[in-house]
Structure formats: structure tokens, C-alpha cells
Amino acid sequence: MKKKLLSILLPLFLLLPCSLAGQTRVSILGDSYSTFYGHVRPSTNLSWYGVPDEPKENDVRNVEQTWWSILTRGDAYRLEVNNSYSGSTICCTGYDGADYSDRAFIARTLNLGDPEVIIIFGGTNDSWAKAPVGDDRFSGWDKRSLYSFRPAFSFLLHSLTRLYPSARLYNVTNTELSTEITTAMDEICHHYGVTNIRLHDIDKQWGHPSVAGMESIARQILSALQADE
């Protein structure tokens, strides 16, 4: 009886690691567009979507409707870490000139797990908050320089390429950002050899992707990932 049971269970155990090994581990470094309450790490990160008792004029109602849930729904990708923080900027300057060094993208680079793909989806709050753009700087960063977008974004890509040398990096540029932020992302991604996905046709409600917008984001990111495989 034991031998018969083993002969049934063993193939199932063998299939499990093969299935997991076939899925690419994806981590996200994002802002509100990539949040959903209870599904970000660390859990102290602020969320925009799905927060209890915070009704919003947006039709995204459950986590399965988020772009990253759609992306990882099949057998190709699985979520490693979603380190997204609502309202966060890439640089350390936030709204009304506030110090966002506690939540900035550049402060969260160490907490992405063991990814094979890293998707960076930010810049929206830098644009909305009118953070200083600054000048290009590809080395010799100091604290003061990281309060401006260009040096901070350069520092971010520099850090990620060294912290996760085997991971593929993808930057996602939102629609309707300032020309300065959009141009900076293009140029700095080119400098570091990082694929820059410039989104288009994203439906939004209250400034955030709707269900249709989330589906469009997922399709465009998936297309870029598949192009490199």
C-alpha cells in the first residue's frame, strides 16, 4: 500500500518544483498605481487601491484587477515582492517640498527579494509634485543631489543594476507626465541600457488607472517582457 501511494505522490512532488522553476520571479518598485491594500511589502507602505473605508471614484475593486495581478496570472511569471508606496517619489522631494527620503524609490531598493525581473513604475508623483529635475549625474552622488529627479533616477538604476546584477530591469513611464520627467527617463534608461516602456492609451479615473487602464498596462508590460525572451 505504501509503495502504491508513493508511486502516486512522487510524480506530483516532481511536478511542483518544475512548475515553480518555470515561472520568472518579478518584483515591483512602485507608487500608488501598483498598490492594493494588504498586498504590498512591507505592510506599512501606504496603499491607494482597496483601502477599507476610503471610497474612491475608481472601478478597480479587487486585487485581481491590478496590472501586476493580471501579469502574474498565468504560468510565465510569479510575484516575488511588490514594494509599492502610494504617493512616493523617485527622488527625496515630495509634495509641497516635503522630505520624502523615508519613502522615496531610492530608499527602498534593498527590499525586493530575489527577483529575475524588476519593474520600476514611478515618476508620476515627481511630476505631479513638481520636484526639482536637476542635472545629470552618473557618479559622485551626495545627499543634496538626491532631492532632484535626474540624479536620483540615475542613482536608482545604478543601485539596482549592482544590487541585482542577474535581474532584467524595466522602467515604466506613465502617460501625461511632464516633458522634463518623460525625457529624463528616456535618456537615463538609455545610458544604463534599461528597457523603458512608454505607456500609451491608459484610461484613468481620479488620476489612477481604471480596470481598462490596468488591463492596458498589463498588456504593454507583457509585450515588452516577451520581446526579450
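A few comments on the model shown:
- Residues satisfying the stated conditions in the stretch 162-191, i.e. in contact with a Gly (Cβ under 7 Å, 6 or more places away or on another chain) and closer than 16 Å to Phe138 by Cα: Met185
- Among (1) closer than 20 Å to Leu222 by Cα; (2) under 14 Å from the mean Cα position of the chain (by Cα); (3) assigned to a loop (DSSP other than H, G, I, E, B), the one test that Arg73 misses: (2)
- Figure legend. Inter-residue proximity from the stretch 23-50: first residues closer than 22 Å to Asp126 by Cβ, second residues acidic (Asp, Glu), beta-carbon distance below 7 Å, spacing 6+ or different chains. Indicated pairs: Ser27/Glu80.
- Residue within the stretch 101-119 that is surrounded by fewer than 23 Cβ atoms within 10 Å (Cβ to Cβ) and more than 18 Å from Ser27 (Cβ to Cβ) present: yes
- Any chance Ala131 is in a loop (DSSP other than H, G, I, E, B), in contact (Cβ under 8 Å) with a residue 12 or more places away in the chain, of a type in the set (Gly, Ala, Ser) and surrounded by 18 or more Cβ atoms within 10 Å (Cβ to Cβ): yes
- Being modelled with pLDDT of 50 or more, surrounded by 15 or more Cβ atoms within 10 Å (Cβ to Cβ) and within 29 Å of Leu169 (Cα to Cα) holds for only one residue in Gly30, Gly38, and it is Gly30.
- All conditions but one from (1) surrounded by fewer than 19 Cβ atoms within 10 Å (Cβ to Cβ); (2) in contact (Cβ under 8 Å) with a residue 24 or more places away in the chain apply to Trp141; the one that does not is (2).
The values are calculated or read from the model by the stated rules, or taken from the named source; none is laboratory data. Quick caveat: nothing in here was measured; it's all calculated off a predicted structure. Positions of Cβ are generated from backbone atoms using ideal geometry, with glycine treated the same way; all protein chains shown enter the neighbour counts.
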